Amino acid sequence: MIVELGHFTLILALIVAIVQTVIPLIGAHKGWANWMAVAEPAASAQFLLVGFSFAALTYAFVTSDFSLSLVVANSHTAKPMLYKVSGVWGNHEGSMLLWVLILTLFGAMAAWFGGNLPSTLRARVLAVQSSVTVAFMAFVLFTSNPFARLEVPPFDGRDLNPLLQDPGLAFHPPFLYLGYVGLSICFSFAVAALIEGRVDAAWGRWVRPWTLLSWLFLTIGIALGSWWAYYELGWGGFWFWDPVENASFMPWLLAAALLHSAIVVEKRESLKSWTILLAIMAFGFSLIGTFIVRSGIITSVHAFASDPSRGVFILGILAFFTGGALMLFALRANSMQAKGVFGMVSRESALVMNNILLAVSALVVFVGTIWPLIAEMTFGRKLSVGAPFFDMAFTPFMIVLALILPIGAVLPWKRARIGRAVKQMRWALVLAVALATLAWAMQTGRSALGPVGVFLGTWLIAGAAVDLFLRSGRGNFASKFARMFRLPRADWGKSIAHAGLGVTMVGIAGMLAWETEDIRVAEIGDRFEVGQFGVQLDGVEQVRGPNYIAVQGQLSIWRDDRKLFDLRPEKRNYPVARMPTTEADIHNGFLRDIYLVIGDQQEGGGWAVRTYIKPLANWIWAGSIIMALGAGFSLSDRRYRVAAGARKSPANAVAAE
């Protein structure tokens, strides 16, 4: 009964969404306040209805209701409760219902916290957001119904993919979707502004918190996925330039560009057309990512589905919303005249350069991701575009971005002198050069990647600190240092996020440049040297988990003749899913990780053992956490809460004639 109610409430939510799409738009066009007022309660009703539907599906998974085909395909009675719950979104149908739930959540939040928005703009934003929800609800109900019943339910299910039975993957998709789908509200603000013909400083302030919130969640989601890949897949890497990884990375880059571009709209009323275009393209790339994951056109270990009919439906959604928004943009672009003028050397110019680098970086990733498909369709050749291409094509843009970021942050608006900015940053530069020189001196026979990464990371971290110090005003060191802690949270958030990017850059460079790898066959009792550590295989035993059987290696780590600690990597087999997995065991440290993987037993009786020493590995995810904390700090600033104090008089607006 609960499952049927869940299905019914989803259908009812679709009807409410259609009403919310049509009535407020007509009301905004005619100036009918009572019609526009329909949008807010309808947005809340949508969220509640879809929330009940999602709760009903979760109930079916938790209670192992095997009359639902989705539960049969993705659950099992012996599965731990955490993975029964995560099984709700560990499949195509359930994940799309989660997608719709988050769409309605952001629409409801715009209704709840958008009280300071002009009534016409609020009505249009909620209507556009609801139109996107209509499309995805129709997709779920007509092609991906999660509530499909079986005539003859089996006694048990076929289990969830064992690779997804992990805490990292339990939380990775919800955070990723909150970022992915959250960009829909930025899209709705952009389209509503184009319909209204008004983009001004107030609009820039309204759209910034939504962009920041989406970017924050996307950062956490990508970091969780990277962390999962690092410890779960047993490959020892954190990023593989897989098409689905790229699908989430491209919107992240564009959202970062949008976030910086909206600052220029808010502060200087410039870059209006560009900012609107970025808002459209950021969500457009989220839809492209959805198409890649669910159409089957590109092979990936992360792909959810390979049904061409579903892919065509998503392609239609992509074409309608992105194409329609771009057509509207073309019609309205001339009306969005920039007010502020600025010199070649200014903070505005630095932000423009920032946007160009981020946008071109996203384009590079897109071309590399989609090129194998284009080559096969056009030339009939099967090509593979892997890490070498992305490393060579993408990295230079990130290096230039890291170089200009600290300087751009201290440049004044409108007109600046580059020499003064460099002088202000001289101590950050000295520190970065000193640490890079130290790294170069300590390494022997290695590439320049490590020292360059240390330089760029230190430059970003020290530059962020100097930026905060300079913002504290004039006076002696003690007074400026004290005033630093009274600066607005948005200033702290920006500096923390930039420093987090620096920490991640140091981690990536250190791990790639200074990693030590050893792969061998070891007998019980063998001890071998890897870097400065000794690794000894003490034994191998079979262990049982709640729904798997594992071969567990017992290895000890030594330095000289002193035992440091034990590690227990496993090779698991899930009988129901009939699938093996590799479970690495990792000793995490501030300066390095020791990473062990046990393989299969060899013909001679030994065991395959892989050992990695990974310098600064945890800095990668620490930097991501710091970036997310920076975004959180900015969001907590009362000046940047949704629409807070953003209302401006019509005289200040740039309206279409």
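In summary, the helical segments of the chain meeting the span-like criteria, namely a full DSSP H run, a Cα extent along the axis of 18 angstrom or more and a mean Kyte-Doolittle hydropathy of at least 1.0, are 2-30, 39-62, 92-113, 119-143, 167-196, 272-295, 347-379, 387-410, 426-442, 449-471, 617-636. Remark: the Met81-Arg483 segment gains 139.8 nm on full extension, using 0.36 nm per residue and subtracting the alpha carbon distance. Each Cα pair under 8 Å and six or more residues apart adds its separation to the average, and for segment 95-233 the resulting relative contact order is 33 percent. Amide H contacts for Asp593 (H built 1.01 Å from N in the peptide plane; partners 5 or more residues away or on another chain; cut-off under 5 Å): Lys614, Leu616, Ala617.
Database remark: amide H of Trp607 closer than 5 angstrom to the amide H of Ala522, Glu523, Gln602 (H placed geometrically; neighbours at sequence offset of 5 or more, or on other chains; Pro and chain starts carry no H). Remark on segment 394-513: ratio of C-alpha radius of gyration to 2.2 N^0.38 Å is 1.13. Put simply, the convex hull of the Cα atoms in the chain casts, on average, a shadow of 33.1 nm². For a 27 Å ceiling on Cα separation, which of these pairs sit above it: Lys84/Lys571; Lys382/Lys614; Lys79/Lys563; Lys79/Lys571; Lys272/Lys423? Beyond 27 Å: Lys382/Lys614; Lys79/Lys563; Lys272/Lys423.
Each Cα pair under 8 Å and six or more residues apart adds its separation to the average, and for the chain the resulting relative contact order is 13 percent.
Given R0 = 56 Å, the distance between the Cβ atoms of Glu4 and Met442 translates into a calculated FRET efficiency of 0.25. Summary of the geometry: segment 87-133 and segment 534-611, compared by the centres of their Cα atoms, lie 45 Å apart.
Approximating the spin labels as points 7 Å out from Cα along Cα→Cβ, the Asp560-to-Thr378 distance works out to 6.2 nm.
Please check which bits of segment 558-578 a label hung off Arg527 would reach, taking the label as a point 7 Å along Cα-to-C-beta and the cut-off as backbone N under 19 Å. Flagged as within label range: 558-568.
For Asp538, the residues whose amide H sits under 5 Å from its own are Gly525, Gln554, Leu555, Ser556, ignoring neighbours fewer than 5 places away on the same chain, with H placed 1.01 Å from N.
With neighbours defined as other Cβ atoms within 10 Å of a residue's Cβ, the residues Phe283, Phe481, Phe54, Phe187 order from fewest to most as Phe481, Phe54, Phe187, Phe283. For Val433, Val410, Val50, Val454, the sequence from fewest to most other C-beta atoms within 10 Å is Val433, Val410, Val454, Val50.
Laboratory data are not the source of any read-out in this text; all were calculated from the coordinates shown. What you see is a predicted model, and the numbers here were worked out from it, not measured in a lab. Using ideal geometry, Cβ is built from the backbone for each residue, glycine included, and neighbour counts are taken over all protein chains shown.
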